[in-house]
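The values are calculated or read from the model by the stated rules, or taken from the named source; none is laboratory data. As the structure is a prediction and not an experimental result, all values here were calculated from the model. Cβ coordinates were reconstructed from backbone atoms using ideal geometry, including for glycine residues, and neighbour counts include every protein chain displayed. With ligands, DNA and RNA removed, areas are computed over all heavy atoms of the protein, side chains included. Shrake-Rupley method; radii C 1.70, N 1.55, O 1.52, S 1.80 Å.
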Amino acid sequence: MSSRRLVIAAEAAADTGVGHFVRCTALGDAAARAGWDVSVLLRPDAIDWAHEQARQRGWSAHTTVWTPEAVIGHVTTLGEGAVLVVDSYRVDTAWMSAVRGRVPRLVLVDDVADRLLDVDLVVNQNLGAQELDTRLGEGTELLAGPSYALLRPDFTGRREQALAALDALPDVPRRVLVMMGGTDPSGSALRVARVAAQSYPHAQVDVVVPGRTSAHREGRVTELPRVDDVAERMLAADLVVTAAGSTVWELSCLARPVAALEVADNQTDVYRRLVAQDLVIGLGRLPVDEAAIGAALRSVTDRAGGLRGLADGLSSLVDGRGALRVLDHAGQPNVRSAHP
């Protein structure tokens with residue numbers, strides 16, 4: 001049995017989205033490949049899909065309320081080599097301070113920097129994270145920027161293939177993929193897909209609609225249920241339309257052109273930076289403005305090589321080795337002595 005253990009406590013509810021959980025499973029995948037034992041702590045409101053993802057990987061999954069006492073009790077039973085990784089906006093400074101020092105090592109994945117982060121290690125994988133006024137606890141280490149993006153093997157393993165396919169991108173997209181997160185809480189995916197079909201009259205448009213149980217095609221728009229072969233579908237698309245969240249870093253690794261929609265407050269800073277640096281097509285902020293989205297989508301076809309230029313620029317941000325970098329730091333001894 002491995003002496004190193006990774007415990008993942010990540011949000012995975014319908015109202016929080018599953019992005020927190022997905023990026024932490026990437027770290028779990030890297031740890032498992034390195035011989036660590038991995039387990040998952042889920043809140044009672046976590047969707048069944050998250051439990052299934054853990055089971056498919058052979059990880060133990062436990063459901064509990066995330067009081068400091070419950071989490072500490074679970075982690076400390078695993079021994080001295082346990083690392084707790086938390087990904088949630090709902091844990092405040094008091095929660096972190098109560099847990100830090102009572103578990104062997106506490107890591108927080110964060111991208112809002114809206115509270116004092118009293119943990120051993122903070123990971124903020126977003127563009128511009130180095131420039132945020134992040135308040136850190138005593139001795140807290142910060143890993144900032146897309147070079148630490150947590151990506152699953154499905155994406156990292158296709159990096160070279162994706163770079164080789166970059167030059168084959170057309171001037172006008174022939175196939176568009178629309179996906180607004182694992183739960184699409186805004187319900188915007190299908191509306192945006194229809195705008196994409198109108199904007200590109202000869203393109204086939206696939207849209208992931210998490211509530212569907214089977215595929216349904218209407219004209220050039222195909223509605224899909226939640227898909228497992230996400231990386232393969234992304235790589236097959238000439239343009240991916242998505243929310244300005246963690247999916248952008250997956251697409252950066254795969255060198256795909258992106259049109260991004262700002263669907264949540266925590267995406268505002270990243271969205272503005274991506275648009276300002278001409279790394280994505282900016283579609284604006286919810287609620288959906290169909291006329292503005294259509295104009296933005298058509299704009300990329302006004303210049304030859306527009307899609308290739310977007311993909312090339314975005315691909316430079318993420319090389320696919322972020323999870324390995326984070327795991328290396330997560331496994332290091334604490335620089336601050338434990339709480340009494």
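For the chain, calculate the relative contact order in percent as a whole number, restricting contacts to Cα pairs under 8 Å that are 6 or more residues apart. Working shown, then result.
Details: 702 pairs, mean separation 58.4, N = 340.
That works out to 17 percent.
By accessible area, using a 1.4 Å probe on protein heavy atoms only, the chain has 48% of its surface on carbon and sulfur.
With the whole protein complex present, residue 133 retains an accessible surface near 130 Å², based on a 1.4 Å probe. Placing +1 on the Cβ of every Lys and Arg and -1 on the Cβ of every Asp and Glu, with nothing else charged, gives the range 244-340 a dipole about its Cα centre of roughly 220 debye. 3J(HN,Hα) along the range 120-134: 7, 8, 10, 10, 10, 8, 7, 4, x, 4, 5, 9, 6, 7, 7 Hz, from the Karplus curve 6.51 cos²θ - 1.76 cosθ + 1.60 with θ = phi - 60°, whole Hz, x for Gly and Pro.
Computed log10 I(q)/I(0) for the range 97-180 at 0.15, 0.17, 0.21, 0.25 Å⁻¹: -0.73, -0.82, -1.01, -1.19, from the Debye equation with unit scatterers placed on every C-alpha and solvent omitted. Amide H to amide H, with H built 1.01 Å from N, residue 136 comes under 5 Å of 117, counting only residues 5 or more places away or on other chains.
In this structure, the amide hydrogen of residue 226, modeled 1.01 Å from its nitrogen in the peptide plane, lies closer than 5 angstrom to those of 212, counting only residues at least 5 positions away or on a different chain. Once the chain from residue 165 to residue 63 is taken as fully extended at 0.36 nm per residue, the excess over their C-alpha distance is 32.5 nm. In the assembled protein chains, residue 288 presents an accessible area of approximately 20 Å² (probe radius 1.4 Å). Tell me whether the range 98-238 comes out rounded, prolate or oblate; compute the Cα gyration tensor, take square roots of the eigenvalues as a ≥ b ≥ c, and use a/c under 1.5 as the rounded threshold. In terms of gyration-tensor shape, prolate.
For helix 290-299, report the angle its Cα long axis makes with the longest principal axis of the Cα atoms of the chain; keep it between 0 and 90° and round to the nearest 10°. Approximately 80 degrees, to the nearest ten. Computed from backbone phi, the HN-Hα couplings of the range 160-169 come to 5, 4, 5, 4, 5, 8, 4, 5, 8, 5 Hz, rounded to whole numbers (Karplus: 6.51 cos²θ - 1.76 cosθ + 1.60, θ = phi - 60°; Gly and Pro given as x).
What shape does the range 250-327 have by the C-alpha gyration tensor, where a ≥ b ≥ c are the square roots of the eigenvalues, rounded means a/c under 1.5, and otherwise prolate means a/b greater than b/c and oblate the rest? Oblate is the answer for the range 250-327, as a/c is 1.5 or above yet b/c matches or exceeds a/b.
The alpha carbons of the range 192-340 stretch over 63, 38, 28 Å along the principal axes, in descending order.
The charge dipole of the range 1-155, taken about the Cα centre with unit charges on the Cβ atoms of Lys, Arg (+1) and Asp, Glu (-1), comes to about 500 debye, rounded to the nearest 20. Positive-end ranking of 121, 287, 189 along the dipole of the chain, with charges on Cβ about the Cα centre, is headed by 189.
Probing with 1.4 Å while keeping every protein chain in the model, the per residue accessible area of the range 1-109 equals 38 Å².
In this entry, the range 209-291 is assigned a mean projected area of 6.4 nm², taken as a quarter of its C-alpha convex hull surface.
Estimated purely from DSSP H runs of n ≥ 4, each contributing -39500 (n - 2.57), the mean residue ellipticity at 222 nm for the chain is -9500 deg cm²/dmol once divided by its residues. Once you have a ≥ b ≥ c as the square roots of the Cα gyration tensor eigenvalues for the range 123-166, tell me rounded if a/c is under 1.5, and otherwise prolate or oblate according to whether a/b is larger than b/c. Note, shape of the range 123-166 comes out prolate.
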